[in-house]
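Here's the structure we're looking at; comments come further down.
The values are calculated or read from the model by the stated rules, or taken from the named source; none is laboratory data. What you see is a predicted model, and the numbers here were worked out from it, not measured in a lab. Cβ coordinates were reconstructed from backbone atoms using ideal geometry, including for glycine residues, and neighbour counts include every protein chain displayed. Each accessible area value is taken on the protein alone, full model and side chains, heavy atoms only, with ligands, DNA and RNA left out. Shrake-Rupley method; radii C 1.70, N 1.55, O 1.52, S 1.80 Å.
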Amino acid sequence: VHKTIDSPGVPCDHSTVKENWGVLKNVRVPIRPHFGVMGLAPAEADMVDSIPPSYTGGNIDNWRIGKGATMFYPVSVAGGLLSVGDPHASQGDSELCGTAIECSLTGTFQLILHKKGSLPGTALEKLNYPLLETQTEFVLSGFSYPNYLAELGPKAQSEIYSKSSVDLALRDAFRKMRHFLMTTQGLNEDEAVSLMSVGVDFGVTQVVDGNWGVHAGIKKSLFAGGDI
């Protein structure tokens with residue numbers, strides 16, 4: 001039992017803590033309800049820490065994954081094993097303090113299985129990362145280590161907390177967006193990189209979940225003359 005509330009989720013005796021009320025008195029934060037955790041089970045380990053996100057989703061902590069959004073995940077194990085949790089009333093990009101405005105949420109979900117044989121020629125072909133689609137854009141999730149359980153070896157679930165960086169997450173988001181543009185739009189590499197520089201928004205998703213995240217978003221309106 002901790003003597004102070006020094007990080008999210010630690011057990012504390014509140015009678016021993018002097019709580020600081022009345023902060024941010026004149027601030028009103030608009031709600032952006034979303035589930036911080038949503039994803040499938042990875043194949044690399046039977047028992048997996050729920051904090052670091054990975055290629056099958058998980059604790060992505062992107063507020064854009066909210067009402068009306070569609071998420072695509074690669075299926076790694078039989079049955080998929082969807083998990084949903086960590087509901088937030090609102091959160092900013094980065095979730096800098098390690099926690100958002102936590103709340104209780106009840107979600108309604110529609111699950112659709114896309115068979116592998118139906119994927120060639122679509123944006124889902126060879127998809128190996130979480131892909132978000134909204135009415136107006138596509139958002140790709142990059143991580144410091146796209147599949148940290150495989151990349152970091154037997155001690156991955158502890159070492160991930162000391163090895164992450166925004167640089168690595170940005171590089172991963174760049175590589176994924178480059179591949180996405182080349183495969184869905186038929187762009188060559190130079191065209192894809194050029195378009196990323198002028199038409200793709202990169203942002204820091206979170207720097208608190210062990211495997212840090214950078215997301216890359218591209219507006220559907222850029223391809224108004226074609227299909228995606």
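Below, the figures for the structure above:
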{"item": "Residue match in region 5-26 (condition: in contact with a Ser or Thr (Cβ under 9 Å, 6 or more places away or on another chain) and charged (D, E, K, R))", "result": "no"}
{"item": "Single residue of region 44-63 satisfying the filter (closer than 19 Å to Ser94 by Cβ and of a type in the set (A, V, I, L, M, F, W, C)) that is surrounded by the fewest Cβ atoms within 10 Å (Cβ to Cβ)", "result": "Ile51"}
{"item": "Residue list for region 115-167, filter: in a strand (DSSP E or B) and closer than 16 Å to Gly39 by Cβ", "result": "Leu131, Leu132, Glu133, Val139, Leu140, Ser141, Gly142, Phe143"}
{"item": "Residue within region 11-31 that is of a type in the set (S, T, N, Q), outside any loop (DSSP other than H, G, I, E, B) and open to solvent by less than 60 Å² (accessible area, probe 1.4 Å) present", "result": "no"}
{"item": "Criterion violated by Ala192 - all others in (1) in contact with a Leu (Cβ under 9 Å, 6 or more places away or on another chain); (2) open to solvent by 10 Å² or more (accessible area, probe 1.4 Å) satisfied", "result": "(2)"}
{"item": "Of residues in region 32-43 being open to solvent by less than 80 Å² (accessible area, probe 1.4 Å) and part of a loop (DSSP other than H, G, I, E, B), the one farthest from Gly210 (Cα to Cα)", "result": "Pro33"}
{"item": "Counted residues, region 78-110 - those being surrounded by 13 or more Cβ atoms within 10 Å (Cβ to Cβ), in a loop (DSSP other than H, G, I, E, B), modelled with pLDDT of 95 or more and among the β-branched types (Val, Ile, Thr)", "result": "0"}
{"item": "Condition check for Thr134: more than 19 Å from the chain's Cα centre (by Cα) and either open to solvent by 70 Å² or more (accessible area, probe 1.4 Å) or not acidic (Asp, Glu) (or both)", "result": "no"}
{"item": "Region 158-175, residues that are open to solvent by less than 60 Å² (accessible area, probe 1.4 Å) and closer than 14 Å to Pro53 by Cβ", "result": "Ile160, Ser164, Leu168, Ala169, Asp172, Ala173"}
{"item": "Residues being under 19 Å from Gln206 (Cβ atoms) and aliphatic (A, V, I, L, M) - total across region 22-39", "result": "4"}
{"item": "Residue list for region 111-122, filter: of a type in the set (Gly, Ala, Ser) and surrounded by 10 or more Cβ atoms within 10 Å (Cβ to Cβ)", "result": "Ser118"}
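Let's see how each residue does on (1) touching a residue at least 24 places away in the same chain (Cβ under 8 Å); (2) under 30 Å from Ile5 (Cβ atoms):
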position: Ala89; (1), (2): yes, yes
position: Gly98; (1), (2): yes, yes
position: Thr108; (1), (2): no, no
position: Lys126; (1), (2): yes, no
position: Glu137; (1), (2): yes, no
position: Glu151; (1), (2): no, no
position: Pro154; (1), (2): no, no
position: Ser165; (1), (2): yes, yes
position: Leu170; (1), (2): yes, no
